[in-house]
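The values are calculated or read from the model by the stated rules, or taken from the named source; none is laboratory data. These figures come from a predicted structure and were not determined experimentally. Here the Cβ is made from the backbone with ideal geometry for all residues, glycine too, and neighbour counts use every protein chain on show. Please note that ligands, DNA and RNA were not included when accessible areas were found on the heavy atoms of the full protein model with its side chains. Shrake-Rupley method; radii C 1.70, N 1.55, O 1.52, S 1.80 Å.
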Amino acid sequence: MPDIQPASPEAAAALASEMGSAPAAPAPPPRDIERDNKLAAQVQANYTKRRSFRRPFEGNWFVNGAMLRGQQHVEYSDTLGQLVTPDVPSYAVRISINKIRPKHKARMAKFFKNRPKPVVIAASTDYQDLMDARASEIALRYQWDRLNLEGAYKAVKQWGAICHKAYWWFGYDDSVPGRIREIAPNTLKPFESTTPLGDVVIEIGNAWEVLVEDPAISDIGKQPGIMRVRTISRKEAERRYPALANRDDYAGAGSDAASGDTPQRSADRLASLKPDYSSVSTPPQRTDQVLLLEDFTATCAEYPRGRKLVVCDGILVKEHEELPFVFCDSPTNPYPCSEFIDTETAGQAYGTTFIEQLIDLQRTYNDTIAKVVENIRAVSRPKVVVYRQHQLADGAYTASAGEILELNYIPGLPPPIILQAANVAGDCWNLIQLLEREFDSVSQVY
């Protein structure tokens, strides 16, 4: 066969097809390592800066979780970065009557009373539009049940009650297997096989995973840039991003995922709260993990269709010239996530929560009950002042009725004095009733 030089790649592919061989895939262009390192450093700098915006609010989230769980007497120490229990005198009484949890459960029941279900409305009364809407609704309900989005909705509402916000993250996993029907070449009979087809994936995210560029913007769709921060295992990182294996600095790369304050460690510390007076138990130790940073930039003059950078363990592993799933065309939210807010707060990306509004009432309520118990003990067991010259035997004064105390009489020596505490139970009970009404007024759950 004569030596033929095709004029285009398409001609080369056609020639190779005629010759019975496929053309070799073109090699990807070599990466600019220096540029990748600069982009990775930029993402790391954004992570540090945006984390400083959120840090003042994280202590409130730990306290919210502790109050909901029944750990009523803890406080967050900015110095230690953890929950601590203040020291109290030995005579003090500590009582934890959790009034927040029933209010929280009643409030959540209002959200979950009517089961959500997807509905697709036709754009017009045309027959084709009606059929398209019906088919779309069937497909959407299938995904709703397959992904258990009703349970995911409950999970984000629970997270939102603690951290003010929670998220649904949308993605696509190419490795999801699916069943297909094929025809056997020998017998020409149909058979089913399993092969990776890919499918939609929805992940639940909490506020510890999300960092925003402007903390004065409450709506995530209006943010000029956001960042999702997670920790994943090294094996999972290598499976998702094969580019890590081609980097010589990956094997010895250090990561703050094991020792730093990452979203997973924050969630572990929250899960380690114990329903008693102590601070926390030992959180689980998660080793061999790396920090995954996903930096999203909204559409702007520099990036007309947005941009997404993925940095794993300090190495740039993905660079997308536009936001995923064509969300950049959305007029309300260009990012691949939906935001669920516990309490709407204008001009604050990190706002307050329903639980946070009840904390002072909860602590005052428990403190008042404790004062009543302390007062009852003081009234029922008064102090007795006895001079040494009376020579009263140890343990002579008890709570027994009709008890006789024998003293040595000394002329001129005053008799024993009984110090009776003032009874304040009546005022405290009135205060307790006032606090219960305030719980109803503040929570709007009667």
Filtering segment 299-335 down to residues that are open to solvent by 40 Å² or more (accessible area, probe 1.4 Å), at positive phi and without any contact (Cβ under 8 Å) to a residue 60 or more places away in the chain yields V326
| said: Tell me yes or no: at least one residue of segment 138-145 is touching a helix residue (DSSP H, G or I) at 6+ places or on another chain (Cβ under 9 Å), part of a helix (DSSP H, G or I) and open to solvent by less than 90 Å² (accessible area, probe 1.4 Å). | reply: yes
Considering segment 62-97, residues that are closer than 18 Å to E356 by Cα and aromatic (F, W, Y), and then whichever is most open to solvent (accessible area, probe 1.4 Å), we arrive at Y76
Only one of (1) under 25 Å from Y91 (Cα atoms); (2) open to solvent by less than 60 Å² (accessible area, probe 1.4 Å); (3) modelled with pLDDT of 75 or more; (4) part of a loop (DSSP other than H, G, I, E, B) does not apply to A421, and that is (3)
Can you spot a residue in segment 82-92 that is closer than 22 Å to V445 by Cβ, among the aliphatic types (A, V, I, L, M) and out of contact with any Cys (no Cβ under 6 Å at 6 or more places or on another chain)?
no
Of all strands (runs of 3 or more DSSP E) fully inside segment 284-388, the set with 2 or more residues that are in contact with a helix residue (DSSP H, G or I) (Cβ under 6 Å, 6 or more places away or on another chain) is 289-297, 307-312, 315-320, 337-341
